[in-house]
Amino acid sequence: MNRHDDIWIMAAQCPSRLGTVDVVTRFLKERGCYITEQQSFDDRLSGCFFIRTEFRPEEAGFDAGAFQTAFAERAAEFEMSFELTPPGRLMPVVIMVSKADHCLNDLLYRYRTGQLPIEIRAIVSNHPDLASLAEWHGIPYHHFPITPQTKAEQEAQVREVIDASGAELVILARYMQVLSSEMCTRLSGRAINIHHSLLPGFKGARPYHQAYEKGVKLVGATAHYINDDLDEGPIITQGVEPVGHADYPEDLVAKGRDIECLTLARAVALHVQRRVFLNDSRTVIFER
């Protein structure tokens, strides 16, 4: 048996006050649940408390519905919101892409091999290029072309796919379109984007070639939740890779692709494992 086969996850947050850890641990003890992992953080600046607990019911016949109802009554005193995730649950997701396939390929491999606890319900793109890749994996592929004149109509089609699929997470795996304010609001806290991170910043076309001309020593990537400020949403993960004078533009591009794949996959894993909490414009991350 996999060590996670019988492990439940409770992720909760509330205003900071005395007894926040106790309300969780005492309830689990009363319900005959053994805590296998627990992390918590109290943010003294925002006045918010965050806690994530993995636990194993020690008695047969664990009733998740009764558990949630009873804990909700106990948590109400602390204005605590919480989510309960059962063992082995695969989070339904939709992936959005354009033409670049490196992040999509990496996610599909991790999905196929069971490294990511997700179920990819659909792939959406503004180009037809990656349809065969989706078909090989048996995943529905939706090609919705977009122009400035058809942006609203195209996003309505995308929303229909997301809603119909029951997706709880949208992954922008190098989707090279700026989402509207309405779309960003609709997907707040449940859409992850990946982009390059270069210092100094290089905007526009061929950023890695610009970075080469400036002789940068690091290339990197940032995965974050989307918001209405382009590429400035709450950060989940970042990665960097050193480069040197012997690395040519194509080497920077290759290293950039690798670090984008790793950074995005790590962000998705943290999200689906309920290890990420939004804290205003920042995030609280409980790493293993």
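List of remarks:
- Scope the range 182-208; condition open to solvent by 60 Å² or more (accessible area, probe 1.4 Å), more than 19 Å from residue 124 (Cβ to Cβ) and not in a loop (DSSP other than H, G, I, E, B); matching residues: none
- Filter result for residue 57 (farther than 23 Å from residue 285 by Cβ and either surrounded by 12 or more Cβ atoms within 10 Å (Cβ to Cβ) or at pLDDT 95 or above (or both)): yes
- Residue count for the range 115-140, restricted to those that are surrounded by fewer than 18 Cβ atoms within 10 Å (Cβ to Cβ) and out of contact with any Pro (no Cβ under 7 Å at 6 or more places or on another chain): 14.
- Output for the range 216-245, where each listed residue is assigned to a loop (DSSP other than H, G, I, E, B) and either open to solvent by less than 70 Å² (accessible area, probe 1.4 Å) or at positive phi (or both): 216, 226, 227, 231, 233, 234, 243, 244
- The residues in the range 1-45 that are without any contact (Cβ under 8 Å) to a residue 40 or more places away in the chain, more than 17 Å from residue 63 (Cα to Cα), assigned to a loop (DSSP other than H, G, I, E, B) and touching a strand residue (DSSP E or B) at 6+ places or on another chain (Cβ under 9 Å) can be counted, and the count is 2.
- Cβ pairs under 7 Å, 6+ apart, first in the range 74-87 and closer than 20 Å to residue 275 by Cα, second open to solvent by 70 Å² or more (accessible area, probe 1.4 Å): 84/68; 87/5
- Considering (1) assigned to a strand (DSSP E or B); (2) open to solvent by less than 60 Å² (accessible area, probe 1.4 Å); (3) basic (Lys, Arg), the lone condition that residue 174 does not fulfil carries the number (1).
The values are calculated or read from the model by the stated rules, or taken from the named source; none is laboratory data. No experiment lies behind these values; they were computed from the predicted model shown. Note: ideal-geometry Cβ built from the backbone for every residue, glycine included; neighbour counts use all protein chains shown. Note: accessible area is taken over every heavy atom of the protein model, side chains too, but ligands, DNA and RNA are not part of it. Shrake-Rupley method; radii C 1.70, N 1.55, O 1.52, S 1.80 Å.
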